[in-house]
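The values are calculated or read from the model by the stated rules, or taken from the named source; none is laboratory data. Since we're looking at a predicted model, the values are computed, not measured. Positions of Cβ are backbone-derived with ideal geometry, glycine not excepted, and every protein chain shown enters the neighbour counts. With ligands, DNA and RNA removed, areas are computed over all heavy atoms of the protein, side chains included. Shrake-Rupley method; radii C 1.70, N 1.55, O 1.52, S 1.80 Å.
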Amino acid sequence: CRSDDFTVAMETVTAWAWGPLSFLTFLAFLRHHPARYILQLIVSLGQLYGDVLYFATEARAGWAHSDPRPLYFWGYFVGLNGVWVLVPGLLLLDACHQLSTAQRGHDRPRHKAH
């Protein structure tokens with residue numbers, strides 16, 4: 001039995017990088033660590049990248065690994081897998097908003113007290 005090299009590579013990255021980084025992000029939010037939104041951005045971007053590669057690989061294969069029945073294809077393949085695009089996408093936007101707000105506050109001119 002020959003395994004799919006792409007799936008093995010992506011799941012290896014997921015297990016060894018995104019899994020631990022997700023847990024680290026969770027801890028950072030619990031402790032209000034200053035790097036929490038940076039970690040959220042990194043993990044969300046990594047998840048989105050994996051999702052794009054997953055869908056693109058399947059599209060290039062002509063949807064060969066997906067059941068062509070509409071309910072299965074749209075409900076399961078697109079709908080349920082779409083959650084893995086929607087949630088990281090929203091978290092990515094939130095991280096960008098939070099980091100932009102923090103940068104805007106940092107860039108604001110400060111008045112020295114005399």
### Message
within 30 Å of GLN103 (Cβ to Cβ), assigned by the TED database to the domain that holds LEU99, open to solvent by 50 Å² or more (accessible area, probe 1.4 Å) and assigned to a helix (DSSP H, G or I): is that true of VAL13 in this structure?
### Response
no
### Message
One residue is enough: does segment 75-93 have a residue meeting the conditions in a helix (DSSP H, G or I), touching a residue at least 40 places away in the same chain (Cβ under 8 Å) and polar (S, T, N, Q)?
### Response
no
### Task
Working carefully through the options HIS32, HIS111, HIS106, find the one that is free of Cβ contacts under 8 Å to residues at least 12 places away in the same chain, at positive phi and exposed (fewer than 11 other Cβ atoms within 10 Å of the Cβ).
HIS32
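Can you spot a residue in segment 62-78 that is under 13 Å from the mean Cα position of the chain (by Cα) and surrounded by 14 or more Cβ atoms within 10 Å (Cβ to Cβ)?
No, segment 62-78 contains no residue that is under 13 Å from the mean Cα position of the chain (by Cα) and surrounded by 14 or more Cβ atoms within 10 Å (Cβ to Cβ).
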#### Entry: Some residue of segment 42-61 being in a loop (DSSP other than H, G, I, E, B), exposed (fewer than 13 other Cβ atoms within 10 Å of the Cβ) and not assigned by the TED database to the domain that holds TRP18
yes
